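This report concerns only the one structure given below.
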Amino acid sequence: MAASIMNNRQPIAAVQQFFANPVRLLAPMEGLSDPLMRQILTQIAHDLGRPYDWSVSEFIRVTQHLLPAHVFYRYVPELHHDAKTACGTPIHIQLLGSDAKLMAENAAYACELGAPAIDINFGCPAKSVNNHRGGSVLLDEPAVLYEIISAVRQSVPAHIPVSAKIRLGYTDTSKMDDIRAAIADSGADWLTIHARTKTQGYKPPAYWDKIQSFNTLTIPVIANGEIWTAEQAQSCMQQSGTSHLMLGRGAVTRPDLVTRIDTNHSEKNNDADNTDSVLSWQALIPHQIDFLHGEAKNDIVLIGRYKQWLAMLTKGYSEAQALWQDIKREKDKATIIHALKNSTH
Ligand SMILES: Cc1cc2nc3c(=O)[nH]c(=O)nc-3n(C[C@H](O)[C@H](O)[C@H](O)COP(=O)(O)O)c2cc1C
């Protein structure tokens, strides 16, 4: 591996500030935590008194050229507003690609457009992406991981953080030591680990204990994967040895999850009859209506997106189950909003 650039760098002041306390992040999720969902979920967390420290955009794919500004603005409309959602949660920009030079150029441009930080995706399991040497397949090539992160680090202004998001490996965990060494040398400012291999997909369990060995790095480590309840968040912190967490599908299913983790809110049960929510169904209704009034290509897309969310909410709220039965075939937005308003009784 080429000479370490990490050894020659001072830690960025902002990074030390970011991680002075345990961070709570909303995960990047293509097609799920899009700008509208980010807007709604960050607002809820903010209103409940435990805002997300930041969220990360869906991955922007870098393949052949410098992407035009409109692509960055499409994925991250928050760039028009200081790269923050309406309630002030920063959005970092995630890039995915295998060409180090091109990744570096795009990262530098994203910073010119106002990205507060760049995250690099080494976790995507999609065949269409992996077949073009992007995402998790690069975990099999730690030298390329190093090349990409260090090229991006060198091209981005020194005060802007660069992070990486990985899984434990591609088909298995045999390359973990090499991956860790590559990250250590690359100059990454922090590392997020989805505690599964690509082959393990999104199925439980997540192997939080495997994150432990990355704690020898001098940079902060963020644990991710399979956190659906406050109890699981505690177990994850214990087993991984890090207090920094990124929440994915659990944050969409239970929009108050981030609050529960840090308020020691007792979690008596984890099923849909959970009456112990910090955010009641009643209080969640206006946020769902906001979602249904949000921006989308058209109403069909918006309703499809809402149904995707409602289906996830059925895991956390019994009222959502009844509403789901009522509207799952409904195509009219006004009718859905009407049913939603009446869904408390
Ligand atoms: C629908 C979906 C889309 C995702 N898209 C991305 C993405 O664009 N970038 C990324 O780094 N991870 C992506 N992920 C992975 C999540 O960020 C996270 O690592 C994973 O879901 C594990 O966390 P969870 O078990 O809490 O959901 C995606 C996950 C899902 C379910």
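Number of residues in the range 211-230 that are within 14 Å of the ligand (Cβ to nearest atom), out of contact with any His (no Cβ under 6 Å at 6 or more places or on another chain) and of a type outside the set (A, V, I, L, M): the value is 3. The set of residues from the range 68-125 being over 28 Å from Lys297 (Cβ atoms), more than 16 Å from the ligand (Cβ to nearest atom) and surrounded by 22 or more Cβ atoms within 10 Å (Cβ to Cβ) comprises just one member, Ala104.
Trp228 meets each of the listed conditions (1) modelled with pLDDT of 95 or more; (2) within 18 Å of Phe59 (Cα to Cα) apart from (2). With the condition being among the polar types (S, T, N, Q), I'd like the strands (runs of 3 or more DSSP E) fully within the range 1-114 carrying at least 1 qualifying residues. Per the criteria, 54-56, 91-96. On the stretch given as the range 283-297, residues that are over 20 Å from Arg50 (Cβ atoms) and modelled with pLDDT of 95 or more total 7. Among the residues making up the range 198-213, a single one is β-branched (Val, Ile, Thr) and buried (at least 17 other Cβ atoms within 10 Å of the Cβ): Ile211. Does Arg167 fit the bill of being touching a residue at least 12 places away in the same chain (Cβ under 8 Å), surrounded by fewer than 24 Cβ atoms within 10 Å (Cβ to Cβ) and within 27 Å of Leu245 (Cβ to Cβ)? Here the answer is no, as Arg167 does not meet what is asked.
The values are calculated or read from the model by the stated rules, or taken from the named source; none is laboratory data. All values reported here derive from a predicted model rather than from experimental measurement. Don't worry about glycine lacking a Cβ; one is built from the backbone with ideal geometry, like all the others, and counts go over all protein chains shown.
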